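To start, the structure under review is shown below, and the notes come after it.
The values are calculated or read from the model by the stated rules, or taken from the named source; none is laboratory data. Everything numeric in this text was worked out from a predicted model, so none of it was measured. A quick note on method: Cβ atoms are made from the backbone with ideal geometry, for glycine too, and the neighbour counts reach across all protein chains shown.
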Amino acid sequence: MKEKTLHIGIFGMGTVGTGVVEFLMRKKGKVGNFHFSIEKVVVKNPKKKRDIFLPAGVLSFNPRDILNNPKIDTVIEVIGGYHPAGELVLESLEKGKNVITANKAILAASGDKIFQKALENNCYLGVRASNIAAYRLIESLINSPSQIEKITGIFNGTCNYILTGMEKKNKDLSHLLKEAQTMGYAEANPAEDINGQDTAHKLIVLLGITLGHFPSTQSIYVEGITNITLQDVIYAKELGYRIKLLAIAQREENSLEARVHPALIPDDRWLARLEGVENGLEIRDEAGLEIGMQAPGAGKYPTATAIIEDLICVAQGKKLLLPAQNSPLNLKSIGEVETKYYLKFYAIDKAGVLARIANILGEHDISIESVIQKGKEDKKGNIVPIIMLTHYSQEKNIQKALEEIKKLPVIKKDPLLIRVEEGVF
């Protein structure tokens, strides 16, 4: 195979950017039959002390040194955020430069526009690093002859680290979040991780490349892990489940169900066994074929590796195009979802309370599969947690029932709902 050289410009040299530069320098700019020459790295502060040495003249603070350089044919964007990352990606494509990005936020917000710009200018758009859980499957997902029917995944290493730590270390969320930050698994501002937004962005990108349709972030139900307590993790384990933050998408003809939230999944399922920062993805297509992948969901080198794979694809002359979407998809509301539910109530310890709760649930066509009544939790010994696992019910019915139940004088805190996903293969 003829040797080929790519001339690269990199926007950003934080954790991921440094990982990419380290890899290419360690390989002396050669991977297989391909050469990769780093021409410019644009950063906010070129004078900042860094752990890696770059040749004189490579570091810059001016984006024009990449955008207006005709020698640079491939751009890597790893600065994150919406601005100026989105503008830099679009202008790079307009100038005919291939683009590789780890930025799931701009892809989720403007994926249609960005892919269209790549198509118009005959450029490669690399998105593997936007979702490490799926990066080795991206090309096959886009080119699959079969329609994807269901996606289920754990897409956030920070949340999986916290939920695993609750179970294994008997620590609460706040302690484990600090631990994750110390270890470099969580950002200084972890809001998008723990509130589910990061997972939602990754799900939207996957929907875009598998269905040709990027739903808006506002149209997807998103719930994070901030309401999950150590006690919930313990109770779930007693019931034979583990709690994970899941991204779920399911297509039925022209309707699409897409949601992100914590869920109880049976502890013998593959996704339930993913621990620490591990991420995983399970996909079923219309022919019933099931495929999966596991990968670290946090850290410098996993993301850098995904970027390198896209660099190799660019060198091979590949293109990444969205599948055609011939008919619009109707996005289901969360109220239309049908699943099982874990419900937790804090009630006064007196006769008849359980019957009153069960009666209201029954009035809304919700049947109870099992009940656990735990020991008293308040200092006065008057309030007990009641844990219920329901059979399959429609979300809107559950929500109506909970609104009635929380108005009962015997209920002392708002009920907690966690969905149960039995159907993870």
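Restricting attention to segment 382-415, which residues are in contact with a Phe, Trp or Tyr (Cβ under 8 Å, 6 or more places away or on another chain) and either of a type in the set (A, V, I, L, M, F, W, C) or surrounded by fewer than 19 Cβ atoms within 10 Å (Cβ to Cβ) (or both)?
Of the residues in segment 382-415, the ones in contact with a Phe, Trp or Tyr (Cβ under 8 Å, 6 or more places away or on another chain) are 383-390, 393, 398, 405, 411-413, 415.
Passing the criteria: 383, 384, 386, 387, 388, 389, 398, 405, 411, 412, 413.
Just give me the residues in segment 108-130 being crowded, with 17+ Cβ neighbours inside 10 Å and either under 24 Å from residue 6 (Cα atoms) or acidic (Asp, Glu) (or both), in sequence order.
114, 115, 117, 118, 123, 124, 125, 126, 127, 128, 129, 130
Would segment 123-137 turn up any residue that is of a type outside the set (A, V, I, L, M, F, W, C), assigned to a strand (DSSP E or B) and within 25 Å of residue 280 (Cβ to Cβ)? Show your work before the answer.
Going residue by residue through segment 123-137, those that are of a type outside the set (A, V, I, L, M, F, W, C) are 124, 126, 128, 130-131, 135-136.
From what's left, assigned to a strand (DSSP E or B): 126.
Among the residues that remain, those that are also within 25 Å of residue 280 (Cβ to Cβ) are: 126.
Yes, segment 123-137 has at least one match.
All but one of (1) closer than 27 Å to residue 114 by Cα; (2) in contact with a strand residue (DSSP E or B) (Cβ under 7 Å, 6 or more places away or on another chain) hold for residue 64; which doesn't?
Evaluating residue 64 over (1) closer than 27 Å to residue 114 by Cα; (2) in contact with a strand residue (DSSP E or B) (Cβ under 7 Å, 6 or more places away or on another chain) leaves (2) as the failure.
I'm told residue 224 meets every condition in (1) closer than 20 Å to residue 191 by Cα; (2) touching a strand residue (DSSP E or B) at 6+ places or on another chain (Cβ under 6 Å); (3) modelled with pLDDT of 95 or more except one. Can you identify the failing condition by its number?
All conditions pass for residue 224, except number (2).
Kindly indicate whether residue 199 is assigned to a helix (DSSP H, G or I), in contact (Cβ under 8 Å) with a residue 60 or more places away in the chain and among the hydroxyl-bearing types (Ser, Thr, Tyr). Steps first, answer last, please.
Numbers: assigned to a helix (DSSP H, G or I): yes; in contact (Cβ under 8 Å) with a residue 60 or more places away in the chain: yes; among the hydroxyl-bearing types (Ser, Thr, Tyr): yes.
So residue 199 passes the test.
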